[in-house]
């Protein structure tokens, strides 16, 4: 297959000469996918970068990027549309909690008691969820006029060769990409972005809030059911997961961790342990829906009634998007 | 659900005894609520300004929650959890818990599977009892005034934000077309009640069992109207409300005009709940 990003042209002496490149959907998805791994890399020279190694720093950069999407601070963002990427605000707090967990393990030398599978599982889930979800959002804000046209075309197996070769260097890629189906579109992503458009157009503030909550739940369904479940929850070797699975549905991107709505890490050591009540029956469908809804409703309530505090915390998190590796 | 209130004398959660009956009162202080059910209410300091008060029934038997509201009081059964916030700072702290969220199952055995048709009928039986307790069905002020099948069709084909008419029981086919989160909204004597449903997304075959969760949201009249303005304007909601109401009325009128031209019947007899006296 020819690569549309490689174009040959004859040089000339005229300044600012241009050559037309026709980009198809695969090219466009490659462009935005590139943005996700560059966000997690440190430049090392012209056209060179190195992936951040420290898992906590990665999680903080991810949290920072999610916060920037919510606050409309990314390239292509529109400040007047703040609130449309509502899941991103919750995602920022969730990824911050992942970072805090790694830092707590490092500081307290608890690593010996935490299995490699747990550490890798948490890092893998956070990393690939970011690769998946950030690219949908970057496409929407940068190239919104072709978003609908290319929505069905995303497939990591069809990215242009330069991006594909970079993807092949990313951690856990052999395991992850088939499990998350090469990041093809899901009905939940379609529903989530359909709601983004409705949020943008809604003139009734209270109805807009309902749309925001529905958007958040749609993206959460995608995140939980399409990405994290096949990627880490279903892993037969994931002993940690098997032991603590009861809490998985409680806590979004941070399977066994309590979500704390602050930019700071909690000083309460208990938060780094499983927080699900012992008796909870998450094999019951309605309990599962209830726990997911509880976290969403608590977040939703705080975003409505304690907005100044919540957005100040998100602004603090947003500063981590380029945090130096350790 | 029944329309009477369970007794709520102070109870203590001793040893393995599980308290299953809880009554909630809008605007009660969180600390008072906690005192009535010592050992049952979990308090979370979520932000420096807000505490959450929560009761969860993680195992069966689940809870029975009485929503106290005089002659409009309701009893909700098979409750999995009750959640409310208490502000700690500012004048809003004096309003106590001005909004409750209650999650309830459909009173079916574990693992909570129920035929979709049975879920439909159970839900509408609950709605019928709410109507019998004197709650009046309402429509969002920005949405067209529709009733019966016209409202359902609009919810399915245009936007589910119009909500549903609790007096019109949909067919199973219509029921299956409803999006999760679609609501029935009610008003009674200065209190607002919204009921929405969740449907397990992996169990959508109408011929096989599904699983459902009902979400009840009860809020004070003040909070209902305060939510009409942007979050950062909450403190001055009374000043902003008149202009906001005009804007919402214009939105409704525009949609209703469009619907009338298409021959869709608009319910002109519908009246919005009263607007509170503004300071």
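Some notes on this structure:
- Of all residues making up segment A:192-215, the number that are farther than 13 Å from residue B:159 by Cβ and more than 9 Å from every other protein chain (Cβ to nearest Cβ): 6
- Here residue A:162 passes the criteria (1) closer than 27 Å to residue A:144 by Cα; (2) modelled with pLDDT of 95 or more; (3) loosely packed, with under 15 Cβ neighbours inside 10 Å except the one numbered (2).
- Condition broken by residue B:136, with the remaining ones in (1) buried (at least 18 other Cβ atoms within 10 Å of the Cβ); (2) within 14 Å of the chain's Cα centre (by Cα); (3) more than 14 Å from every other protein chain (Cβ to nearest Cβ); (4) over 23 Å from residue B:63 (Cα atoms) satisfied: (1)
- Residue in segment A:311-324 that is closer than 17 Å to residue B:233 by Cα and within 12 Å of chain B (Cβ to nearest Cβ) present: yes
- Checking every residue in segment A:150-157 against the condition of being surrounded by 21 or more Cβ atoms within 10 Å (Cβ to Cβ) and part of a helix (DSSP H, G or I) gives at least one match.
- Considering (1) more than 14 Å from every other protein chain (Cβ to nearest Cβ); (2) in contact (Cβ under 8 Å) with a residue 60 or more places away in the chain; (3) surrounded by fewer than 19 Cβ atoms within 10 Å (Cβ to Cβ), the lone condition that residue B:193 does not fulfil carries the number (3).
- Residue list for segment B:102-148, restricted to those being under 21 Å from residue B:171 (Cβ atoms) and part of a loop (DSSP other than H, G, I, E, B): B:106, B:115, B:146, B:147
- All conditions in (1) modelled with pLDDT of 95 or more; (2) within 14 Å of chain B (Cβ to nearest Cβ); (3) part of a helix (DSSP H, G or I) hold for residue A:132, with the sole exception of (2).
- Taking (1) more than 14 Å from chain B (Cβ to nearest Cβ); (2) over 20 Å from residue A:22 (Cα atoms); (3) touching a residue at least 24 places away in the same chain (Cβ under 8 Å) in turn, residue A:189 satisfies each apart from (1).
- Assessment of segment B:220-233 against the conditions (in a strand (DSSP E or B) and more than 11 Å from every other protein chain (Cβ to nearest Cβ)) yields at least one matching residue.
- Considering segment A:41-56, and only residues there that are over 19 Å from the mean Cα position of the chain (by Cα) and in a loop (DSSP other than H, G, I, E, B), the residue that is nearest to residue A:170 (Cα to Cα) turns out to be A:47.
- Residue B:211 meets the conditions (1) surrounded by 15 or more Cβ atoms within 10 Å (Cβ to Cβ); (2) out of contact with any helix residue (DSSP H, G or I) (no Cβ under 6 Å at 6 or more places or on another chain); (3) within 10 Å of chain A (Cβ to nearest Cβ); (4) over 20 Å from residue B:98 (Cα atoms) in every case but one. The failed one is (2).
- Single residue of segment B:52-63 satisfying the filter (crowded, with 20+ Cβ neighbours inside 10 Å and more than 8 Å from chain A (Cβ to nearest Cβ)) that is farthest from residue B:31 (Cα to Cα): B:62
- Any hit, segment B:72-80, residues being touching a strand residue (DSSP E or B) at 6+ places or on another chain (Cβ under 9 Å), within 14 Å of another protein chain (Cβ to nearest Cβ), at pLDDT 90 or above and part of a loop (DSSP other than H, G, I, E, B): no
- Breaking point among (1) surrounded by fewer than 17 Cβ atoms within 10 Å (Cβ to Cβ); (2) touching a helix residue (DSSP H, G or I) at 6+ places or on another chain (Cβ under 8 Å), for residue B:245: (2)
- Some residue of segment B:87-100 being assigned to a helix (DSSP H, G or I), surrounded by fewer than 20 Cβ atoms within 10 Å (Cβ to Cβ), free of Cβ contacts under 8 Å to residues at least 12 places away in the same chain and in contact with a strand residue (DSSP E or B) (Cβ under 7 Å, 6 or more places away or on another chain): yes
- You will find that of B:112, B:103, the residue that is crowded, with 19+ Cβ neighbours inside 10 Å, closer than 30 Å to residue B:33 by Cα, within 10 Å of another protein chain (Cβ to nearest Cβ) and modelled with pLDDT under 95 is B:112 and no other.
The values are calculated or read from the model by the stated rules, or taken from the named source; none is laboratory data. Fair warning: this is a prediction, and the values are worked out from it, not measured in the lab. As a convention, Cβ positions derive from the backbone with ideal geometry for all residues, glycine included, and neighbour counts pool all protein chains shown.
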